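The values are calculated or read from the model by the stated rules, or taken from the named source; none is laboratory data. Treat the numbers as computed from the prediction; the structure is a model and nothing was measured. Using ideal geometry, Cβ is built from the backbone for each residue, glycine included, and neighbour counts are taken over all protein chains shown. To get the accessible areas, we keep the full protein, side chains included, count just its heavy atoms, and leave off ligands, DNA and RNA. Shrake-Rupley method; radii C 1.70, N 1.55, O 1.52, S 1.80 Å.
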2 protein chains.
Amino acid sequence: MTSMEVEVNWEVFVAALAGVEVITDAAQVAKLSQDYHTFSPILQRDLAGKVGDIVVRPATEAEVLRVAAVCAWYRIPVTVRGAGTGNYGQCVPLHGGVILDMSRMQRIGWIEKGVARLEAGVKLAALDKKARESGWEIRMAPSTYRTATLGGFVAGGSGGIGSITYGQLRDRGNLLALKVVTLEDEPRAIELRGDDVQKVNHAWGVNGIITELEIPLAPAYPWVELIVTFDDFMTAASFGQALGDADGIVKKLITVFAAPIPTYFAALRQYLPEESHAAFLIVAESSLEVLPGLIQEYGGKLTYQKSAQDANKGVNLWEFTWNHTTLHARSVDSSITYLQSLFPLDKSLQTVEQMYHYFGDEVMMHLEFIRVNGAVIPAALQLVRYTTEERLNEIIRYHEANGVFIANPHTYIIEDGGRKQMDPEQLKFKQMVDPYGLMNPGKIKALMAS
Amino acid sequence: MTSMEVEVNWEVFVAALAGVEVITDAAQVAKLSQDYHTFSPILQRDLAGKVGDIVVRPATEAEVLRVAAVCAWYRIPVTVRGAGTGNYGQCVPLHGGVILDMSRMQRIGWIEKGVARLEAGVKLAALDKKARESGWEIRMAPSTYRTATLGGFVAGGSGGIGSITYGQLRDRGNLLALKVVTLEDEPRAIELRGDDVQKVNHAWGVNGIITELEIPLAPAYPWVELIVTFDDFMTAASFGQALGDADGIVKKLITVFAAPIPTYFAALRQYLPEESHAAFLIVAESSLEVLPGLIQEYGGKLTYQKSAQDANKGVNLWEFTWNHTTLHARSVDSSITYLQSLFPLDKSLQTVEQMYHYFGDEVMMHLEFIRVNGAVIPAALQLVRYTTEERLNEIIRYHEANGVFIANPHTYIIEDGGRKQMDPEQLKFKQMVDPYGLMNPGKIKALMAS
């Protein structure tokens, strides 16, 4: 594939980077060449044995600039990673080279008037803790919140806990500025502001090395966590939609699980009766007063409630949502894999119901309600009882044929996943910042064709 | 109409209320028997000469209970008012009696964790000022925010500035508790919590005397005010819809005016070029970075921007929005009146466009984007060049025939306005708290029929 398989004298490389932390131990390099693509049996197979040659761990932008210059000089592939919590193999190098681990760049520059400026390696939980000192918190986070870095989330993520209010990272206003280091002969640090951030947002680390980010924060409400159970899945789903549409109720999470998914959550067994369908909610304390009315309207049963003041005690419900649901299910049954879907805007949830009945136990429904273009719709990370690749693709095709958008998590090719087509602006920017095509090579179909 | 025209010995009445402030001066009583229904030529005609006999101004709940007992004993009609800033004649007594002016009850009980408890006569601006000391503010307010009371807003209002994020007062979660004093033989103060508040919410003061309220607050963002002008009205309207749908942008107001409405705002003339259509916006400071991109996408021109730190200096844009638009227009041309509409959910805004072209200059388009059941749609307070009652009704009927919901502001009959049908729960509650039908009599069709 192009000119990737170059001969590199790694001793010379390391010498050129004197002062920058490097890891050459093979076991550690192999570990840092991984992410959580193992949720997919397909990716597990396709990415087996793919490792980098060396890990570089810069601590400052100046060091990143030096690494970039040396990699550009020697034409060495560079795969950027944060905590490696992603599930799409985007942290796995197809052509060896440098694994650029950004997790040492943990400086929070400033938090002012609801905006934070920070380095790419800051962990989401660390930012949140700092922001809360002044009454703010992050707008959205994946379920890997405790370990994931902001740079990794922006490069590879799309939304999560909080998206029911703020939409997704790609939505205008959820990312204010980015600084990236180029892989040119003379690398530069470029600041992108406003709409220009989209040139790098959700580009899986192929469009420059993100070193700093500026993001808007959300007001830190006192949040309450709740579990509501239902006898019937579609009633649970309709409850989720109604809560999502209740503009007067401030919320951060609306997750709905069809049975038997709740049985995978051992730690919560006492709150989840056998064969029940469940909604996991995070709601502002000031909205708590009116929740029983809505729960009653849908015949739900409140089985668990954790007050805002106990937020840091015991389990947190969000740990069981988004792709942590898949993690918990796989810890019980490792043959389980998952889908990522966006259902069409339809408050009666007909397509959800159709898929639920059509696939039965083979595709277990896991809804995450989010805002998309101003409206609340169910995203889904359905659990799939995996049999064969053919059957998995058949399941995906059936969903697509019925109007469900699938961001296929069983491919590392960007266009075959959620994006479908590379943004021409992103491609143009890539050609400028990565003229030798060194960043995470082999992941973009549009570049292979050329 | 029923048994309202009773003989009351007002000297005896006043003596029975010894210690409670009363106003008997005819000019003052007449003034306090008014609201802003004069925006409607129909109401102006129909309510001409309607005045109360006496004004009572209680300072405490204990005093309200005494007034209620005396009024129930003598079967005296009671019309409750706050600041009288409403536009539907609901503060105008049809059958004389007592005007119960709640504006002395101004105690703010507490503000904690984003919830406020306060007396009904607290002015919205006063509450806001107090709430901001701890980082909160009111979720929504009418354009009469400086003078309107919270009790009056809940009884007679529906939403306003802030509804683009939090929906309307009627939405579950925007009102947590209410205390009302009944007009029974032995009046009680009843606390309603959760869904029960709907028995009194938006019931125009016919369902008990609201003495206290508990409402959730919103985080007090630093807000920026902006004017964007457009050459074409429908482009301005589409921009408003797109901004409303932008989940990553935190906003408080999206108002769109068709030309020539901006010409009525003399104080803002320099920012509003001749024949331009304009959007008036209030957006969080942290969303400012990304606004130029959206403005550019719609070919708008930013002509005015007031920073958050200057919020208390000079004019505030919200003073020109909602029904203050009508006020400003009428100060230039008193023949102008208005409609209140809710357009159907349709992002292409086809019905808006149809009405805009069909009526031309006779019905000048004034859109207020709000959230309704989880989606952003344009409400409208169109300015109407009034000619005859027949023509006004024709205009209303044409809108209704084309799927536009009209909350007719030219009637004081509740069911002929926005409500269409009295909520059976509200009627049932009314029969309990007002067994003699003394509260604001003559305004409910359902009771006249019985």
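Excluding ligands, DNA and RNA, what is the solvent-accessible area per residue of chain A at a probe of 1.4 Å, expressed in Å²?
37 Å²
As a test question: what accessible area, to the nearest 10 Å², does B:SER276 have when a 1.4 Å probe is rolled over all protein chains in place?
About 10 Å², rounded to the nearest 10.
Percent of Cα-Cα pairs per 5 Å bin, from 0 to the last occupied bin, for region B:223-403, please list those.
1, 8, 18, 22, 21, 16, 8, 4, 1, 0
If you look at just the Cα atoms of the protein assembly as shown, how large are its Rg and its Dmax in Å?
30.7, 107
Starting from region A:394-438, pick out the trypsin sites (Lys or Arg not before Pro) whose DSSP state is loop and whose Cβ has at most 14 other Cβ atoms within 10 Å.
A:LYS420
Determine the percent antiparallel among the DSSP beta bridges restricted to chain B, to the nearest 5. If you can, show how the numbers build up before the last one.
Details: 64 of 72 bridges.
So the antiparallel bridges in chain B amount to around 90 percent.
Which residue in chain B puts its Cβ closest to the axis that rotates chain B onto chain A, and at what distance in whole Å?
B:PRO219, 2
What does the charge dipole of chain A about its Cα centre add up to, to the nearest 20 debye, if the Cβ of each Lys and Arg holds +1 and the Cβ of each Asp and Glu holds -1?
600 debye
In terms of solvent-accessible area of protein heavy atoms at a 1.4 angstrom probe, what is the ranking of A:TYR298, B:TYR304, highest value first?
Listed by decreasing accessible area, they come as A:TYR298, B:TYR304.
To the nearest 10 square angstrom, what accessible area does B:VAL14 show with a 1.4 Å probe?
50 Å²
So if R0 is 56 Å, what FRET efficiency would B:SER348 and B:ALA15 give, r being the distance between their Cβ atoms, rounded to the nearest 0.05?
0.30
Please report, as a whole percent, how much of the solvent-accessible surface of the protein assembly as shown comes from carbon and sulfur atoms (probe radius 1.4 Å).
51 percent
Towards the positive end of the charge dipole of the protein assembly as shown, with charges on Cβ (+1 Lys, Arg; -1 Asp, Glu), say which of B:ALA246, A:THR337, A:VAL78 has the farthest Cα.
A:VAL78
Report the residue, chosen from B:GLN309, B:GLN241, B:GLN340, that carries the largest GNM mean-square fluctuation when chain B is represented by alpha-carbon nodes joined by springs under 10 Å.
B:GLN309
Explain nothing, just compute: Karplus ³J(HN,Hα) = 6.51 cos²θ - 1.76 cosθ + 1.60, θ = phi - 60°, for every residue of region B:152-167 in order, whole Hz, x for Gly and Pro.
Values, residue by residue: x, 5, 5, 6, x, x, 9, x, x, 4, x, 5, 5, 10, 9, x Hz.
Compute the helix-to-body angle for B:350-359: its Cα long axis versus the longest principal axis of chain B, expressed 0 to 90° and rounded to tens.
It is inclined by approximately 80 degrees.
In nm to one decimal, list the spacings between the A:GLU112 label point and its equivalents in the other copies, with label points set 7 Å along Cα to Cβ, shortest first.
Taking the point 7 Å beyond Cα along Cα→Cβ, the inter-copy spacings are 3.6 nm.
Nearest 500 deg cm²/dmol is fine: what mean residue ellipticity at 222 nm does chain A get from its DSSP H runs of n ≥ 4 alone, each adding -39,500 (n - 2.57), divided by its residue count?
Using -39500 (n - 2.57) per qualifying helix, the result is -7500 deg cm²/dmol.
I want to verify a result. In a Gaussian network model of chain A, Cα cutoff 10 Å, which of these has the top mean-square fluctuation: A:ALA69, A:ALA148, A:ALA15?
Maximum fluctuation in the GNM of chain A, among the listed residues, is at A:ALA15.
Which of the GluC sites (Glu not before Pro) found in region B:195-304 are in a DSSP loop and have at most 12 neighbouring Cβ atoms, other than their own, within 10 Å?
B:GLU274, B:GLU275
Using 7 Å Cα-to-Cβ label points, what is the B:ASP232/B:ASP25 separation (nm, one decimal)?
5.8 nm
When each copy gets a label point 7 Å from Cα toward the beta-carbon at A:GLU297, what are the spacings between them in nm, shortest first?
Label-point separations across copies, in nm and ascending: 3.1.
Any chance you could check region A:363-389 for residues losing 10 Å² or more of accessible area when the partner protein chains are in, compared with the chain on its own (1.4 Å probe)?
Those residues are A:ARG371, A:ASN373, A:GLY374, A:ALA375.
So who's got an amide H within less than 5 Å of the one on A:LEU345, skipping anything under 5 residues away but keeping other chains? H placed 1.01 Å off N, in plane.
none
Taking amide hydrogens as modeled 1.01 Å from N in the peptide plane, which residues meet the under 5 Å criterion relative to B:LEU217, leaving out close sequence neighbours?
When sequence neighbours closer than 5 places are left aside, the close amide H contacts are B:VAL115, B:ALA116.
Where does the Debye-calculated log10 I(q)/I(0) of chain A sit at q = 0.06, 0.08, 0.11, 0.13 Å⁻¹, using only Cα point scatterers of equal weight, no solvent?
Debye output, listed in q order: -0.25, -0.45, -0.86, -1.17.
Which of B:LYS113/B:LYS199; A:LYS113/B:LYS113; A:LYS31/A:LYS428 have a Cα-Cα distance over 30 Å?
A:LYS31/A:LYS428
Between chains A and B, what is the buried accessible area in Å², counting both sides, with a 1.4 Å probe and ligands, DNA and RNA left out, to the nearest 100?
3200 Å²
Helix B:389-401 against the longest principal axis of chain B: what's the angle in degrees, Cα atoms only, rounded to the nearest 10?
For helix B:389-401, the angle is close to 70 degrees.
Going through region A:98-154, which GluC sites (Glu not before Pro) have at most 14 other Cβ atoms within 10 Å and a DSSP loop state?
Details: sites: A:GLU112, A:GLU119, A:GLU133, A:GLU137; in loops: A:GLU133.
Loop-located and lightly packed - A:GLU133.
Hey, got the dipole for region B:10-101? About the Cα centre, +1 on K and R Cβ, -1 on D and E Cβ, debye to the nearest 20?
Value, rounded to 20: 220 debye.
Given H placed 1.01 Å from N in the peptide plane, which residues other than close sequence neighbours of B:ALA177 have an amide H under 5 Å from its amide H?
Close amide H contacts, sequence-distant or interchain: B:GLU214.
Relative to the longest principal axis of chain A, what angle (0 to 90°, nearest 10) does the C-alpha long axis of helix A:61-74 take?
Roughly 60 degrees between the two axes.
Using a 1.4 angstrom probe on the protein heavy atoms only, could you order A:THR337, A:THR388 from most to least accessible area? Intermediate values should be presented prior to the final figure.
Numbers: A:THR337 0, A:THR388 60 Å².
Putting A:THR337, A:THR388 in descending order of accessible area: A:THR388, A:THR337.
Can you send over the solvent-accessible area of B:ARG117, 1.4 Å probe, protein chains only, in Å² to the nearest 10?
About 30 Å², rounded to the nearest 10.
Give the nm distances, rounded to one decimal, from B:SER335 to the matching residue in every other copy, measuring between label points 7 Å along Cα toward the beta carbon; shortest first.
Nearest first, the other copies' label points are 8.1 nm away.
Please state the charge dipole magnitude for the protein assembly as shown, taken about the Cα centre, from unit charges on C-beta atoms (+1 on K and R, -1 on D and E), reported in debye and rounded to the nearest 20. Can you show the working numbers first?
Working: 82 positive and 104 negative charges, 224 e Å.
Dipole about the Cα centre, nearest 20: 1080 debye.
In sequence order, what are the phi-derived ³J(HN,Hα) couplings for region B:130-142 according to the Karplus relation 6.51 cos²θ - 1.76 cosθ + 1.60 with θ = phi - 60°, rounded to whole Hz, with x for glycine and proline?
Ordered by residue, 3J(HN,Hα) equals 5, 4, 5, 4, 10, x, 10, 7, 6, 6, 8, 8, x Hz.
At 7 Å along the Cα-to-beta-carbon direction for both B:ASP416 and B:SER331, put a label point, then send me their distance in nm to one decimal.
A separation of 3.1 nm, rounded to one decimal place.
Taking 25 Å as the cut-off for C-alpha to C-alpha distance, list the pairs among A:LYS301/B:LYS347; B:LYS50/B:LYS443; A:LYS313/B:LYS252; B:LYS251/B:LYS306; B:LYS179/B:LYS251 that go past it.
A:LYS301/B:LYS347; A:LYS313/B:LYS252; B:LYS179/B:LYS251
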